[in-house]
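The values are calculated or read from the model by the stated rules, or taken from the named source; none is laboratory data. A quick note: this is a predicted structure, and the numbers were derived from the prediction, not measured. Reconstructed Cβ throughout: ideal geometry from the backbone, glycine too, with neighbour counts over all protein chains shown. We work out accessible area using only protein heavy atoms, side chains counted, and drop any ligands, DNA or RNA first. Shrake-Rupley method; radii C 1.70, N 1.55, O 1.52, S 1.80 Å.
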Amino acid sequence: MKTIITGGTVVSSEGECQADVLVDGERIVAVGLDLPRDGAEIVDASDAYVLPGGIDVHTHFQMPFGGTVSCERFDTGTKAAATGGTTMVVDFAMQAPGDALLKTYADWREMADGHVVVDYGLHMAVTDLTADTLAEIPLLVDEGVTSLKLFMAYKGAIMVDDATLLQTLQKGKACGALVCVHAENGDVIDVLIKEHLAAGKTAPRYHLTTRPPAAESEATRRAIMLAEIAEAPIYIVHVSCTRALDEIRAARDRGQAVYGETCPQYLALSVDDFDVPGFEGAKFICSPPLRDKSNWAGLWAGLRTGDLSTVASDHAAFNYAGQKEMGLTEGFHKVPNGCPGVEHRLLILHTLGVVGSEISMPKLVDVFSSAPARLFGLYPQKGVVAPGSDADVVVFDPSVEAVISAATQMQNIDYTPYEGMRVMGAVRTVLSRGEVVVSDGRWVGNEGSGRYVKAKPFVA
Ligand code: URP
Ligand code: ZN
Ligand code: ZN
């Protein structure tokens, strides 16, 4: 079955041009003008951009956290992703204490396979490192899990120590796995939380003051130093503030292979969002926390210079009712951490980034799709509209005005932190491996049609 996407502006991380895109089966076979149309189904892309499908390398579907499980499932989450122009997610398999990594991998495959509606991959979050666990890492790489995640925060739960960090970096380097780090000083945060609770400071906004920028920049620097000792590359997830970015930039200027990710919430939301009645601030509790607006300009500059490589959602969805409310009696520290956003990454990047004159369309494509594909072993199968690549393609109309609202979202959660935000642009059509899965902005795909994609080992 052939499809031709006609009349649009094809955007890559290098530039943009008027071209049609011919798809045969699951792959793109040609990009150019005057392509033969014989019998191909036509997708109209006039007045629209034609983008490689987004790759969101930071999602937490069905994640156990803080005594609950994130409410976004693999089916609902990938539908929301597709509707928002994302055709591949890389989710975090979370090792439970005592579990083997291969068991964790198998558990996550079981949760996702047959349910996802776009392609997906997995990172492995290592929370309990032993000699046996270390020995499993090369086996994971064989299975296409070529990125590992370590948490330097969440003391008493999933936080790891520096020895674990160093040994995982060394092992990752030896077998082509990129180590990703949640960089916040968990010991310091633990002390600050206890001090706040002792002083009766339990409201959601105190989440902010227990996790200051210095706790993030200190951990970022420490992680980078350990990566230097291990001579390993490192990827810092969800960079929220310029203080942490400064550490990444300094390391990159020294020539170290350090990569940074930020998220829409750190570009669009701020501490001011906690100025809401009652316990509603819990909707904005994520870690690292939202920062002062003065950080926004620096994060955009980091994306422009490449010191930040990617924008991922860190989609960690917990309903306000019954989940975020778990902190109502005892305080902010009992609120499960995370915000939803897998559906709105493109809209926010386009509105604040491109319309807001912070980044160009090619840069949007880079941070939204191409750079994540390159860093996580998926390029050029994913992350580019080019002959031979998977036909994961988004037709994006930049001229439509819309308002983000929980009432109209696909995400399986009872709120959005972007409620009422005016955005420019709309996802018109999405192809996932050649199948039209979104048409006129609506999900039209088949249940369970996504596949697990093996990532290639990391290459700097
Ligand atoms: O608050 C967040 N980000 N929750 C999800 C888990 C993590 O730290 O990435
Ligand atoms: Zn994190
Ligand atoms: Zn996360």
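Structure data summary
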| read-out | value |
| --- | --- |
| Accessible heavy-atom area order of Lys173, Lys382, highest first, probe of 1.4 Å | Lys173, Lys382 |
| Mean shadow area of region 202-347, taken as a quarter of the surface of its Cα convex hull (nm²) | 8.9 |
| Of all DSSP beta bridges in region 1-78, antiparallel share, percent nearest 5 | 70 |
| Over 20 Å (Cα to Cα) - which of Lys149/Lys454; Lys293/Lys334; Lys149/Lys201 fall in this group | Lys293/Lys334; Lys149/Lys201 |
| Theoretical FRET efficiency, 1/(1+(r/R0)^6), r = Cβ-Cβ of Lys2 and Asp107, R0 30 Å, to 0.05 | 0.15 |
| Projected-area mean, region 148-205, by convex hull of Cα positions, square nanometres | 4.5 |
| Exposure rule at most 13 other beta-carbon atoms within 10 Å, DSSP loop GluC sites (Glu not before Pro): the chain longest free segment | 15-230 |
| The chain - percent relative contact order, Cα under 8 Å, separation 6 or more | 23 |
| Simple Cβ-charge dipole of region 357-441, Lys/Arg +1 and Asp/Glu -1, about Cα centre, in debye nearest 20 | 260 |
| Other-chain or far-sequence residues with amide H under 5 Å of Ala426's (modelled H) | Asp397, Ser399, Val400 |
| nm² value of the averaged projected area, convex hull over the Cα atoms of region 53-375 | 15.0 |
| Region 37-42 - phi-based ³J(HN,Hα) in whole Hz, Karplus 6.51/-1.76/1.60, Gly and Pro as x | 9, 2, x, 6, 5, 9 |
| Cα-projected label distance for Lys194 with Tyr452, points at 7 Å along beta-carbon direction, nm | 4.2 |
| Of all DSSP beta bridges in the chain, antiparallel share, percent nearest 5 | 50 |
| Relative contact order of region 295-418, pairs being alpha-carbon contacts under 8 Å that are 6 or more residues apart, as % | 25 |
| In order through region 393-400: 3J(HN,Hα) via Karplus (6.51 cos²θ - 1.76 cosθ + 1.60), integer Hz, x for Gly, Pro | 9, 10, 9, 10, 8, x, 9, 7 |
| Under 12 Å, Cβ to Cβ, from Gly85 - net charge with Lys/Arg +1 and Asp/Glu -1 | -2 |
| In order through region 233-238: 3J(HN,Hα) via Karplus (6.51 cos²θ - 1.76 cosθ + 1.60), integer Hz, x for Gly, Pro | x, 8, 10, 9, 7, 5 |
| Relative contact order (%) - criterion: Cα under 8 Å, at least six apart; region: region 253-312 | 50 |
| Ranked order, Arg345, Arg27 - accessible area, probe 1.4 Å, largest first | Arg27, Arg345 |
| Lys/Arg +1, Asp/Glu -1 at C-beta; region 53-375 dipole; positive extreme among Ala177, Ala316, Pro97 | Ala316 |
| Per residue value of the accessible surface for region 252-399 (all protein chains in place, 1.4 Å probe), Å² | 29 |
| Environment charge at Ala386 (Cβ cut-off 13 Å; Lys +1, Arg +1, Asp -1, Glu -1) | -1 |
| Distant-in-sequence amide H partners of Thr146 (H built 1.01 Å from N, under 5 Å) | Ala455 |
| Apportionment of accessible area to carbon and sulfur, the chain, percent (1.4 Å) | 51 |
